[in-house]
Structures are given as structure tokens and as C-alpha cells.
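Colleague: Pasting a structure below so you can have a look.
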Amino acid sequence: MVNGEMVVSSLMTGRLGPVPDPHDAVPVGWETPGVHGEVGGALFDEVVAELEVLDPALAVSATGALPGLRDRLEQRASAAAALLDGHEEGAVLRVPKSRLADLQQCERLAVARHARPDAGPPGLAALRGVALDRFVLLEVAQGPIVDPVEELLSVLDVQGELDTCDQVVAAASADPGFVDDLAAAAAAWRGVPRSWWPRLQSPAVAQLADGRVVCSGKLDVELGGVLTPHPGVVVEVKSGAPRPAHVEEVALYALLVGWRDGVAPSLVARWYPDEPTACMPVDTGLLTSAAARLGDAIEQWAQLVVGRRPEESPGPWCRWCPHAAVCPSAAATAGPTPGGLADPDDEVEWEPPGDEVGP
Ligand code: SF4
């Protein structure tokens with residue numbers, strides 16, 4: 001069983017845990033933190049190596065750009081709110097990360113997924129992502145995983161994801177290596193020093209146009225940043241193959257964290273179990289591109305909410321589209337895979353209903 005729901009809960013929210021004292025006692029499985037040259041696992045070593053060669057001026061200038069980017073996005077959000085008022089006075093427009101990603105793939109897909117927010121637990125490929133996220137949480141929160149299936153089920157149970165528990169049991173019965181392999185990969189996260197205050201599944205929310213437009217994301221892992229003596233790092237955990245959309249995802253997180261904390265993170269990274277960690281410095285260009293995409297998505301979603309007909313843009317994502325069976329464009333490319341499962345190389349970014357964090 002998991003040791004201590006409180007530990008898991010505070011790491012998930014990033015809100016409840018106290019500000020760490022670098023001199024705190026270190027749990028079993030963690031190395032003693034030092035000031036520099038701290039001892040960590042493979043992931044931490046890669047991150048520190050990137051930070052050591054990073055120009056600190058990049059994050060400083062990126063932080064300086066945050067207010068101007070916010071002002072420009074406020075204008076676009078206010079225009080979107082005005083459009084909504086002609087349809088439903090005072091309505092709130094929500095653009096969580098998952099919706100932005102859907103909109104960039106296919107507008108009709110975004111509308112379809114919005115209409116079916118409780119479309120059930122994830123398919124097998126997405127289940128891998130869910131399991132890997134939780135194994136990373138376990139490694140960071142409590143150290144080495146001893147019984148992968150039991151500990152995964154315990155975390156999911158604490159989080160109320162009972163349908164997913166059933167899926168894990170079924171998947172582990174069909175393929176006992178399914179869970180073990182993911183748990184073994186997550187060992188790369190062992191030994192992140194406490195002074196870096198690792199937070200998991202923490203929210204970052206931007207309220208624009210006096211709260212009429214809400215943009216949000218949940219960050220897989222945050223390290224360092226404000227309230228710590230270390231540069232801020234955001235790491236996205238990915239179980240599938242690297243894809244260009246993942247780069248845009250972490251860029252959005254850098255923007256949301258920058259607005260939330262008033263300081264841009266220094267580094268965003270994507271961690272894939274079988275790949276070197278993909279790190280990117282956060283600079284003004286990265287934040288500017290993310291803000292432009294977010295503004296486009298706000299305008300797109302506002303137009304769709306007030307009744308514009310969504311465009312169909314077929315692609316690999318048709319495989320997990322709720323409209324795949326009825327959409328005329330889907331037939332020209334790829335229909336749903338048997339059983340509705342996605343190709344593991346096209347990882348579905350499955351988000352539970354709680355994806356829309358914030359007010
Ligand atoms: S089947 Fe493909 S093209 Fe049609 S709505 Fe779904 S994602 Fe879009």
C-alpha cells in the first residue's frame with residue numbers, strides 16, 4: 001500500500017505541502033541533498049546538466065516579456081468575451097490545455113470531446129500514460145516501488161479513479177509486463193533532492209478578461225522555482241513517442257507558470273522512458289509563440305461556442321475521435337482502430353474530467 005495519503009495528496013496539488021527545509025530528514029530511498037552537485041537519478045542528472053550550461057539571462061528576459069504578452073492576450077480574451085455576450089451574457093469560456101490541443105488537431109474533434117467529457121476511462125495506450133504518471137509520483141514521493149500493481153491501484157483509488165483501477169487489473173492480467181516495465185522506467189525519477197521541492201500534478205491557471213476566459217493546465221512535475229533556491233523546471237511525462245505537439249504543450253506550461261508565479265521557469269523538459277530527456281530553455285520566443293497559439297485557440301473556441309460550424313481536419317487523431325464513425329472526413333484517412341484503441345505511437349492525451357482546473 002501507499003505510505004501516507006497526505007504525502008501523495010500534497011505532491012499532487014502542489015499546494016498543501018510546506019515549503020521544504022533543505023535540512024529536513026531525507027526519506028528512505030532518497031540521497032542526501034547538497035548545495036551543488038546534488039545526487040539524484042538519471043532524470044535529475046540530465047536536468048542539472050542542462051541548467052549548468054544555460055544562460056541565466058534567457059529566463060530574465062523571458063520574465064520581462066510576461067506582462068506584455070499578458071496584455072495582448074487580455075485584448076483577445078476580452079473580444080472573445082464580448083462575442084459570448086451576444087450569445088449568453090456572462091458566460092465563461094474555458095480553454096484547458098487538452099482543448100487547445102484538440103483545437104489544433106480538428107475543431108470538430110474538440111467539439112465532440114467537449115460534448116462527451118465523461119467518455120469513459122482511457123484506452124490501452126492512454127492507460128500507459130496514466131500509469132507512468134502515477135509511478136513517477138510514487139518514485140518522487142516515497143522512493144522505490146516494491147509492488148507496482150498494488151501501489152498503482154492504491155494511488156488511483158486515492159484519486160477516485162475506480163474505472164481506471166479496473167482497467168489496470170485487466171491490462172496487468174492480460175500482460176503482466178505491462179505495469180512492471182513502466183514502474184521500472186520510472187526509477188529514473190528516484191532521488192530528486194528535496195531542496196528542489198518536487199511538485200506533481202500542480203495546476204497553473206490564467207484568468208483573463210476579468211475571469212471570463214480561463215486557461216488552465218496540470219503540470220506533471222515541477223522542480224525548483226520560486227520558494228526554492230533553484231531555477232524553475234517543468235517536466236512533462238510522456239509514455240508515447242516524441243511528437244511536435246509535445247513541444248507546444250510544455251511551451252504553454254512555461255507561459256502559465258510564468259503568469260502564475262511572476263517568474264518564467266528556466267527550463268521545460270519532456271521525459272520519455274526510452275529517450276534522452278528533451279530539454280528546452282525558456283526564452284521570450286518560446287513564450288511569445290505559446291501566447292499566440294493560446295490567443296488563436298481562445299478565438300476559435302469562442303466562435304464555435306456561439307455556433308460557427310466546426311471544420312474537419314482529418315489526421316491520426318481520427319482514431320480516437322468520438323465522431324469517427326459518422327464524420328465524412330474520417331473515411332478518407334483513418335477510421336477508429338479495433339476496440340477504439342489508439343496506436344501506442346500516437347499517445348492519446350487522456351485527461352480526466354478534472355482537467356478544467358480553476359474557477
Ligand atoms: S473523424 Fe477526424 S476529421 Fe472527423 S471530426 Fe473526428 S478528428 Fe475530425
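Colleague: Report the full-extension gain for the segment D147 to R243: residue separation times 0.36 nm, less the Cα-Cα distance, to one decimal in nm.
Modeller: Gain on extension, D147 to R243, equals 31.4 nm.
Colleague: Could you sort 125-134, 286-295 so that the peptide with the highest average Cβ count within 10 Å comes first and the rest follow in order?
Modeller: 125-134, 286-295
Colleague: Just report the Cα centroid separation between the stretch 277-328 and the stretch 204-255, whole Å.
Modeller: Measuring centre to centre over Cα atoms gives 16 Å.
Colleague: By the gyration tensor of its Cα atoms, with a ≥ b ≥ c the square roots of the eigenvalues, what is the shape of the stretch 230-334: rounded for a/c under 1.5, prolate for a/b over b/c, or oblate?
Modeller: oblate
Colleague: Let me ask something else. Work out how much length D175 to V306 would gain on full extension: take 0.36 nm times their residue separation and subtract the Cα-Cα distance, in nm to one decimal.
Modeller: 42.5 nm
Colleague: Let me ask something additional. Which value, in Å³ per residue, describes the convex hull spanned by the Cα atoms of the stretch 185-249?
Modeller: 117
Colleague: Moving on to the next point. Return the Rg/Rh value of the stretch 49-141, two decimal places, where both radii are evaluated on C-alpha atoms and Rh is the Kirkwood radius.
Modeller: 1.10
Colleague: Let me ask you something else. Testing the spin-label approximation: label points 7 Å from Cα along Cα→Cβ at R72 and R260. State their distance in nm.
Modeller: Distance between label points: 2.3 nm.
Colleague: Please label the shape of the stretch 136-190 as rounded, prolate or oblate, based on the square roots a ≥ b ≥ c of the eigenvalues of the alpha-carbon gyration tensor (a/c under 1.5 means rounded; beyond that, a/b larger than b/c means prolate, else oblate).
Modeller: Oblate is the answer for the stretch 136-190, as a/c is 1.5 or above yet b/c matches or exceeds a/b.
Colleague: Using the eigenvalues of the Cα gyration tensor, what equivalent ellipsoid semi-axes result for the stretch 282-328 when each is taken as the square root of five times the eigenvalue, whole Å, largest first?
Modeller: The three semi-axes for the stretch 282-328 are 28, 16, 7 Å.
Throughout, read-outs are computed from the coordinates displayed, never taken from laboratory work. Everything numeric here is computed off the predicted structure, so don't read it as measured data. Ideal geometry is used to build each Cβ from the backbone, glycine not excepted, and the neighbour counts take in all protein chains shown.
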